[in-house]
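The values are calculated or read from the model by the stated rules, or taken from the named source; none is laboratory data. Just so you know, these numbers come straight off a predicted model, no measurement behind them. Cβ sites come from the backbone with ideal geometry, for glycine too, and all protein chains shown count toward neighbours. Side chains included, ligands, DNA and RNA excluded: accessible areas come from the protein's heavy atoms. Shrake-Rupley method; radii C 1.70, N 1.55, O 1.52, S 1.80 Å.
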Amino acid sequence: MPARPTKAASHPTPAQVRIASKLAQGLSTGKAAAELGLSEGTVAIQMSHGNLRVGVRHRHALIHACYVTDHLPLPEPIAPPPGGVDDIETKILWSLALDCTYAEIARHIGLPPDAMKKKIRALRKRWAAENDPHLITLGWKFAVLNASHGTGGRQVT
């Protein structure tokens, strides 16, 4: 039996972009829902459908895809906080942006999963990032991330 064809990726809907914009600012699902006058369930479902439309598994990758495809305005670039970004942190940010799981990231950078998670928590703390989608926004703001590697999902046309 032939394999089922994969659905071509498409763009997120305007509603999904509005929600993604709030998450990119570091808002939690609950806070984004409150600001937009939606239920938390609606936000969660819209983000899940947005992930499917773009062809990614995680919200942080959806945020990156929205920047790459100009669905979200790019943050104004500024210099990174003191300490900059080391090679491991750069690999972690790109791996998150390109839709890797934590286990995949740990293997990619050659750290045990717990050490990799600790590295992400330390980066979030140093950058005052509320969550992984916010970390992606800050990666763009600090010019660590850009559109050079695409969206990480299926090709969007």
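On full extension of the chain, what length is gained from Ile45 through Thr101, given 0.36 nm per residue of separation minus the C-alpha to C-alpha distance?
Gain on stretching Ile45 to Thr101: 18.2 nm.
Quick check for the chain: number of Lys pairs with alpha-carbon distance under 23 Å, counting only pairs 8 or more apart or on different chains?
Lysine pairs, 8 or more places apart or on different chains, close enough: 15.
Over the range 1-143, with every protein chain in place, what whole percent of the accessible area is carbon and sulfur at 1.4 Å, could you tell me?
Answer for the range 1-143 is 58 percent, counting heavy atoms of protein chains only.
Mind checking which of Asn51, Thr151, Pro77 is farthest towards the positive end of the chain's charge dipole, using Cβ charges of +1 (Lys, Arg) and -1 (Asp, Glu) about the Cα centre?
With unit charges placed on the Cβ atoms, the residue in question is Asn51.
Accessible area per residue for the chain in Å², computed with a 1.4 Å probe and the full protein assembly in place, what is it?
Using a 1.4 Å probe on heavy atoms only, each residue of the chain averages 54 Å².
Using the crude model of +1 on Lys and Arg Cβ and -1 on Asp and Glu Cβ, and no other charge, please compute the dipole size for the chain relative to its Cα centre, in debye to 20.
320 debye
Can you give the alpha-carbon Rg of the chain over 2.2 N^0.38 Å, where N counts its residues?
Values: Rg = 15.6 Å, N = 157, 2.2 N^0.38 = 15.0 Å.
Rg over 2.2 N^0.38 Å, computed on Cα atoms: 1.04.
Run lengths n ≥ 4 of DSSP H only: what is the helix-derived mean residue ellipticity at 222 nm for the chain, with -39500 (n - 2.57) per run over all residues, to the nearest 500? The partial results should precede the final answer.
On the way: 8 runs with 88 residues, N = 157.
Taking each H run of at least 4 residues, the total per residue is -17000 deg cm²/dmol.
With viscosity set to 1.306 mPa s and temperature to 10 °C, compute the Stokes-Einstein D of the range 65-157, Rh being the Kirkwood radius across alpha carbon pairs; µm²/s, no decimals.
117 µm²/s
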